[in-house]
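Just so you know, all these numbers are worked out from the coordinates, no wet-lab data involved. This is a predicted model, so every value here is computed, not measured. Quick reminder, even Gly has a Cβ in these numbers, built from the backbone with ideal geometry, and neighbours come from all protein chains shown.
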Amino acid sequence: MKKLAAFALAMIMCLGMVSCGDIGSDKDGDDKKETKATTAAKSGEGGDNDAETEATEPEEPKADVESVELTNSLLGMKLTFDVPKFEGWEISEPEQDEDHASMDMKYYYEVDGSKTWCSIDVYLVADNTNGLDWFIEQNEPIPNTEYTGYINGHSRAQDCPMFFYTEDYFDGKARADVSVRNINENMDPDKYAELVETIQKSVKVEILDTNGLYDADGNLLTVDGAFSIPPSVNIGGTDAEVVFKTYNRTLHARTDFNDGEDDISIHEAGNVDGDLFESFIEKHTDDKAYDCEVGGYPARGRLWNDFGTLTAEYIVQFDDETFYEFYVTSKGSLDLAAINEMMNGAERGDLEKKMNGHLNDFVAAMKKL
């Protein structure tokens, strides 16, 4: 009986020890799980904690900027860009000089108690893209922009003249020039870099639905507003379409046609100073410059052989204050040697008559406004 009681007591004690062992094991596991979870939370590891960390990460603050706008009403284009909201900006009223729209801005700040500034000069024009790839190769392409363009050979740390070639415009592009210059280079470098980058990222050009290039009848208007030119001109019996083309950052009326023998091109190059008319013959004695009449107006012209293209330059005097330059080219029936022979012989007068005749019909169709 005693043996039986002792055996029962021993069994009870064993069961108690097993139970205590299980409880201890569970506690150790819970402690390890809690430690691991705490470590993961602190380090940002773990699936749930990753999601929570990403969701609560603060967004990068957006730069505080103000928008600047320049409109070229004659060409029908608008430029916008942003600048950081630094205290000390002054912005001039936009100006329109024929087909060049411009404005300037200055950011004033102090260095050692002295007032100084960083300037931004802005132009909005039309330009062709001849040689653009070469300019980009020779200079630095503009970063941070959707447009093609280059930074023109700046040699100082705070001098950044940028030329953005933007939307298609006639045979060229709408071009925005934005030059950021700090003469003394004493602006905080980070601030200057922020200014330039903000402009680069935000430059935008829009071609508008309206412009001042045509009158109500569809005639082309010269950029100085002096003349209208019909969209089609009859030159020597040939109907020639007249369109706008870009030359040297401005627009000019041009026509291209075939006179039955040669490909002819005529374009007006805009108004010039009357002194050029007076000095034209003396200045071009080597080209045998001569007096003539074009469209009923007094004119002076000269011829030269441009590698097999017969080329003529004229200045026409419309009145005491209005002088216009024109170019006429002819290519096809004569090669370089034949042109030289005619220009140096008795047939020179025939070449002059031919070129004068083409320009005569073009100028006669122009109407002074």
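With the charge dipole of region 220-368 set up from +1 on Lys and Arg Cβ and -1 on Asp and Glu Cβ about the Cα centre, the Cα lying farthest toward the positive end among the listed residues Pro231, Asn344, Met366 is that of Pro231. Here's how it looks for Asn234: its modeled amide H is under 5 Å from those of Ala240, which are all 5 or more places away or on a different chain.
Count the net charge of all other residues whose Cβ sits under 10 Å from the Cβ of Tyr147, scoring Lys and Arg as +1 and Asp and Glu as -1. Its environment carries a net charge of +1.
Let me know the charge dipole size of region 220-368 about its Cα centre in debye, to the nearest 20, where only the beta-carbon of Lys, Arg (+1) and Asp, Glu (-1) is charged. Could the numbers behind the result be given before it?
Working: 13 positive and 29 negative charges, 57 e Å.
It comes to approximately 280 debye.
Between Asn211 and Ser67, the simple spin-label model (points 7 angstrom out along Cα→Cβ) gives 2.3 nm. Taking trypsin sites (Lys or Arg not before Pro) across region 124-181, the ones in a DSSP loop with at most 12 further Cβ atoms lying within 10 angstrom of their Cβ are Arg156. Placing unit charges on each Cβ (+1 for Lys and Arg, -1 for Asp and Glu) gives region 65-207 a dipole about its Cα centre, and among Asn144, Gly131, Gly76 the Cα reaching farthest toward its positive end belongs to Asn144.
For Asp133 and Phe170, what is the calculated FRET efficiency with R₀ set at 22 Å and r taken between the beta-carbons, to the nearest 0.05?
Working: r = 20 Å, r/R0 = 0.89.
Plugging the Cβ-Cβ distance into 1/(1 + (r/R0)^6) gives 0.65.
Sorting 257-268, 199-210 by their mean Cβ neighbour count within 10 Å, with the most densely packed peptide first, gives 257-268, 199-210.
Taking the Cα centre of region 65-207 as origin and assigning +1 to Lys and Arg Cβ atoms and -1 to Asp and Glu Cβ atoms, the resulting dipole is close to 180 debye.
Mind giving me the FRET efficiency for Trp304 and Thr80? R0 is 45 Å, r the Cβ-Cβ distance, nearest 0.05 is fine.
Working: r = 45 Å, r/R0 = 1.00.
The value I calculate is 0.50.
The distance linking region 268-283 with region 238-260 is 21 Å (Cα centroid to Cα centroid, whole angstrom).
Lysine pairs in region 242-369 whose alpha-carbon atoms fall under 20 angstrom of each other, counting only those eight or more residues apart or on distinct chains, come to 6. Computing FRET efficiency as 1/(1 + (r/R0)^6) for Asn186 and Glu98, where r is the C-beta to C-beta distance and R0 is 25 Å, gives about 0.10. Tell me the net charge near Lys204. Cut-off is 13 Å between Cβ atoms, Lys204 excluded, with +1 for each Lys or Arg and -1 for each Asp or Glu. Here the count lands on -3. For region 288-296, 3J(HN,Hα) computed residue by residue from phi via the Karplus equation (6.51, -1.76, 1.60; θ = phi - 60°) reads 6, 4, 9, 7, 7, 10, 9, x, x Hz, glycine and proline entered as x.
So for region 203-278, taking the charge dipole from beta-carbon charges (+1 Lys/Arg, -1 Asp/Glu), which of Leu220, Val205, His267 sits furthest toward the positive end? The residue sitting most towards the positive pole is Val205. Each residue of region 173-178 is assigned a 3J(HN,Hα), and the resulting list reads 9, 6, 10, 10, 9, 10 Hz, derived from the Karplus form 6.51 cos²θ - 1.76 cosθ + 1.60 (θ = phi - 60°), x at Gly and Pro.
Here's how it looks for Asp171: its modeled amide H is under 5 Å from those of Thr246, which are all 5 or more places away or on a different chain. Shown in residue order for region 311-323 are the 3J(HN,Hα) couplings computed by the Karplus curve 6.51 cos²θ - 1.76 cosθ + 1.60 at θ = phi - 60°: 10, 10, 10, 9, 10, 10, 9, 8, 7, 5, 10, 10, 10 Hz (x for Gly and Pro).
Region 99-164 and region 207-232 have Cα centres lying 30 Å from one another. A straight Cα-to-Cα reach below 13 Å connects Lys173 with the aspartates and glutamates Asp127, Glu206, residues fewer than 8 places away in its own chain not being considered.
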